[in-house]
Amino acid sequence: MNIFRYIARRLLLAIFVLLGVSFITFILAHSVGGNPVCAWVGARGCADPTRVAYYTNLFHLNAPIYVQYYYYVVGLLQGNWGVSPSENFSPVISVIAARLPYTLEMAFFAIVESILIGVLFGVLASLYHHRPMDRSIRSIYLAGYSTPAYLMAIILLIVFVYYLHLLPSGEAVSSTLATSPPNTITGFPILDSLLGGKFAYFTSSVESMVLPSLALSLTTFGVVTRVLRSSMLDTLHSNYIRTARAKGLDERSVFFKHGLRNAMIPVVTLSSLIVTWLITGTVFVETIFGIPGLGQYLVNALLLSDYPGILATTLIFAIIVVSANLAADLLYAVVDPQIRLG
Amino acid sequence: MQTVDEVERVESARGISRPRETLRLIRKNKGALVGVSMVLIFLGVALAQAIATAIGVQITPYNPLQLSGLLYSPPTLAHYFGTDQFGRDVFSRVITALPNDAEISFAVIAVALAVGTLVGSFAAFRGGILEEALMRVTDIFFAIPALILAIAIAVALGNGLLNINFALMIIWWPPYARLARGEALKISHQNYIEASKLAGFGATKIIFKHVIPNIIQTMIVYATLDIGTVVLVYSGLSYFGIGVAPPHPELGFMVSSTTGFILTYPWLPLIPGLIIALLVVSYSIFGDGLRDALEAG
């Protein structure tokens with residue numbers, strides 16, 4: 001299969017999966033509170049007859065169910081995601097546009113950190129396998145991924161904020177700076193402040209990201225370490241490593257150039273798993289650290305029975321996971337020639 | 001020369017059962033032994049508490065729902081885990097919370113194991129549309145993080161422990177079906193399967209007599225490693241108050257309802273949080289040990 005057919009197939013699959021996810025949210029929307037209008041304007045909104053009439057009309061709720069699904073998907077594509085009672089009935093799509101950058105920024109830091117920590121520990125564990133170093137690393141990552149993200153966040157808060165007084169908590173940027181946000185260029189506060197030359201705002205936002213992203217990465221790096229360790233051990237026993245050694249290459253270049261590079265391939269396939277874990281974690285971590293992202297939105301929506309918010313975040317999270325999957329598949333095709341040929 | 005399968009069949013005919021063999025291997029494996037002991041302690045306490053509640057006896061040192069001493073007492077000999085903002089004994093509350101965690105994790109895993117193994121084996125054997133449908137449906141489930149989907153389903157179904165059970169069961173089986181399909185495909189060209197096909201046995205009979213008995217070990221190891229994940233997701237749901245019926249204690253809710261006391265009374269959110277982590281670690285060690293023991297055997 002050539003690489004273009006492979007990419008086309010993956011894209012098609014991703015679209016199919018997203019349709020499936022929209023079908024699930026559609027079904028859930030129809031099971032909420034007995035009246036699907038509630039799924040668009042929340043329980044409070046569906047008590048208001050004018051709203052009910054408006055949405056019944058807008059989404060053709062008197063039509064047969066498959067027609068309704070058609071209008072539901074068309075509505076989603078056009079940005080009609082309903083209105084959010086927990087955000088003063090503003091359109092869900094604009095709430096998401098405002099909040100998504102924070103979640104993506106935090107996830108970006110968390111992914112980088114968990115890969116750095118994960119690879120470091122994975123390499124150490126495979127270098128010293130079956131020795132005390134290996135065993136203690138195993139206990140560390142086992143403890144890491146058995147710890148719920150909220151507990152990790154609480155522990156970090158206690159250690160760094162209350163004992164060491166090192167880092168801020170409870171806001172996305174220092175409250176003295178929050179009144180003068182940078183001009184919107186990319187939509188990402190950290191990038192915008194850097195591009196707009198607001199360096200105090202930039203450092204403050206980065207500082208606020210340290211603990212939340214660390215809380216997330218400490219619960220996820222174990223996935224990387226575990227897989228890297230075993231794939232590293234497999235790789236080091238393979239024939240081309242023996243060949244490299246026989247050629248007289250020094251152990252360092254055998255280990256890093258020939259070993260680690262190939263052992264990283266299975267880690268790439270894991271990136272979607274890591275993204276799934278991180279997203280689950282953002283729901284807790286954003287609430288605890290006061291980051292105004294999607295996770296916090298989901299929690300607010302949950303507390304106020306804001307179904308449009310709940311279903312929209314479900315859909316957005318699925319889109320993030322599917323995109324990450326797609327990216328991992330494509331990256332995999334680039335790093336592993338067997339995929340392109342096979 | 002005997003094949004491995006033949007040896008196994010001969011041994012099971014001799015009455016050397018697999019469970020007993022597994023037990024012997026677990027006893028030899030230190031990690032598995034630690035895991036088994038920790039899991040057994042948790043389950044023992046949960047079971048004792050469940051029975052005590054059913055017959056109306058109190059086995060916890062204090063009534064978990066009522067004031068039993070000073071408010072915000074730190075851990076002492078009288079209150080091992082201290083007392084919370086309502087003066088309730090945290091140790092008694094943790095004990096009272098355990099049965100729900102145990103029930104939900106085993107119920108969800110049992111359903112996922114049964115449904116997943118059946119669906120996966122049939123998909124592998126029947127192939128065609130059934131197999132394609134299974135793969136695509138599971139793709140969709142994999143796209144939504146378990147906790148998020150569980151929240152959405154639980155909200156749609158309405159609050160209540162039974163609905164949480166149900167929500168988790170709906171989302172938990174797909175990875176099991178994928179695994180079972182893969183394992184069933186691996187053995188589908190073995191001689192004994194081909195022989196049964198030639199003998200004219202139907203797919204159902206082959207699946208129940210040959211396929212499931214041969215893949216169930218892998219499935220059970222996976223399930224054991226997965227119990228901790230259910231505990232994590234369930235405690236995550238209860239962290240948000242989903243499926244919680246106050247004043248009945250839930251571990252996750254005990255953490256979230258006391259997060260505000262991190263600065264002043266840090267043990268209040270820390271202790272139930274650590275208990276959750278300990279539960280998950282126990283199941284992981286147990287699962288790892290079980291896998292090592294079975295692989296070594």
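Every read-out reported here was derived from the displayed coordinates using simple, explicitly stated rules and does not represent laboratory data. From a predicted model like this one, the values you see are computed outputs, not experimental measurements. Backbone-built Cβ (ideal geometry, glycine too); neighbour counts: all protein chains shown.
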- prompt: In what sequence do A:His30, A:His237, B:His248 fall when counting other Cβ within 10 Å, fewest first?
  reply: A:His237, B:His248, A:His30
- request: Compute the FRET efficiency between A:Leu164 and A:Ile265 as 1/(1 + (r/R0)^6), taking r as their Cβ-Cβ distance and R0 = 30 Å, and round to the nearest 0.05.
  value: 0.15
- line: For A:Lys257, the lysines lying under 16 Å Cα to Cα, once residues fewer than eight places off in the same chain are dropped, come out as A:Lys247
FRET efficiency, 1/(1 + (r/R0)^6) with R0 25 Å, evaluated for A:Val112 and A:Ala200 via beta carbons: 0.60
- request: Return the distance in nm (one decimal) between the two label points of a simple spin-label model at A:Phe4 and A:Ile65, each offset 7 Å from Cα along Cα→Cβ.
  value: 4.2 nm
- prompt: Which residues in region B:34-73 place their backbone N less than 17 Å from a point set 7 Å from the Cα of B:Phe106 along the Cα-to-Cβ direction?
  reply: B:36-55
- request: Give me a single rounded figure for A:203-215: the average over its residues of other chain Cβ atoms within 10 Å of their Cβ.
  value: 0
- request: Quickly estimate the mean residue ellipticity at 222 nm for chain A, helices only: each DSSP H run with n ≥ 4 gives -39500 (n - 2.57), and the total goes over all residues, rounded to 500.
  value: -24000 deg cm²/dmol
task: Set the Förster distance to 45 Å, then compute FRET efficiency between B:Ala54 and A:Ile15 from the Cβ-Cβ distance, nearest 0.05.
output: 0.30
- prompt: Remind me, relative contact order of region B:15-142 in percent, using alpha carbon pairs under 8 angstrom and six or more residues apart?
  reply: 16 percent
- request: Sort A:Thr276, B:Thr218, B:Thr76 so that the residue with the fewest other Cβ atoms within 10 Å of its own Cβ comes first and the one with the most comes last.
  value: B:Thr76, B:Thr218, A:Thr276
statement: Per the rule of 0.36 nm per residue minus the C-alpha distance, extending A:Asn239 to A:Ala97 adds in nm 46.0 nm
query: Over all Cα pairs of region A:1-90, how is the pair count split among 10 Å bins, expressed in % and running from 0 up to the last occupied bin?
result: 15, 43, 23, 12, 6, 1
- line: For chain A, averaging the sequence separation of alpha carbon pairs under 8 Å that lie six or more residues apart and dividing by its residue count, the contact order in percent is 26 percent
query: Once you list every other residue whose beta carbon is under 13 Å from the beta carbon of B:Val231, what net charge do they have if Lys and Arg are +1 and Asp and Glu are -1?
result: -4
- prompt: How much length is gained if the chain between B:Ala133 and B:Gln85 is pulled fully straight, taking 0.36 nm per residue apart and subtracting their Cα-Cα distance, in nm to one decimal?
  reply: 12.1 nm
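For the protein assembly as shown, what does the alpha-carbon gyration tensor say about shape, rounded, prolate or oblate, given a ≥ b ≥ c as the root eigenvalues, a/c under 1.5 as rounded, and a/b over b/c as prolate?
Rounded is the answer for the protein assembly as shown, as its axis ratio a/c remains below 1.5.
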query: By the scheme Lys and Arg +1, Asp and Glu -1, what is the net charge of all other residues having a beta-carbon under 12 Å from that of B:Val108?
result: -3
task: Write down the radius of gyration of chain A and its Dmax, each obtained from C-alpha positions, in Å.
output: 23.6, 81
message: As I understand it, the value is the acute angle between the Cα axis of helix A:49-58 and the longest principal axis of the Cα atoms of chain A; what does it come to in degrees, rounded to 10?
response: 60 degrees
statement: Across A:148-158, the residue-averaged tally of Cβ atoms belonging to other chains within 10 Å stands at 6
- line: Most fluctuating of B:Arg93, B:Arg181, B:Arg136 in the GNM of chain B (C-alpha, under 10 Å) is B:Arg136
statement: The helix B:146-157 Cα axis meets the longest alpha-carbon principal axis of chain B at an angle in degrees, between 0 and 90 and rounded to 10, of 70 degrees
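Under the definition of Cα pairs under 8 Å and six or more residues apart, what whole-number percent is the relative contact order of region A:32-143?
On the way: 69 pairs, mean separation 16.0, N = 112.
Across region A:32-143, relative contact order equals 14 percent.
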- prompt: What angle do you read, to the nearest 10 degrees and between 0 and 90, between the alpha-carbon axis of helix B:267-296 and the longest principal axis of chain B?
  reply: 20 degrees
query: Under the Karplus relation 6.51 cos²θ - 1.76 cosθ + 1.60, θ = phi - 60°, what is the ordered set of whole-Hz ³J(HN,Hα) values for region A:96-106, x standing for Gly and Pro?
result: 5, 4, 6, 9, 3, x, 4, 5, 5, 4, 5
task: Quick one: net charge around A:Arg138, please, counting Lys, Arg +1 and Asp, Glu -1 for every other residue with C-beta under 15 Å from its C-beta.
output: +3
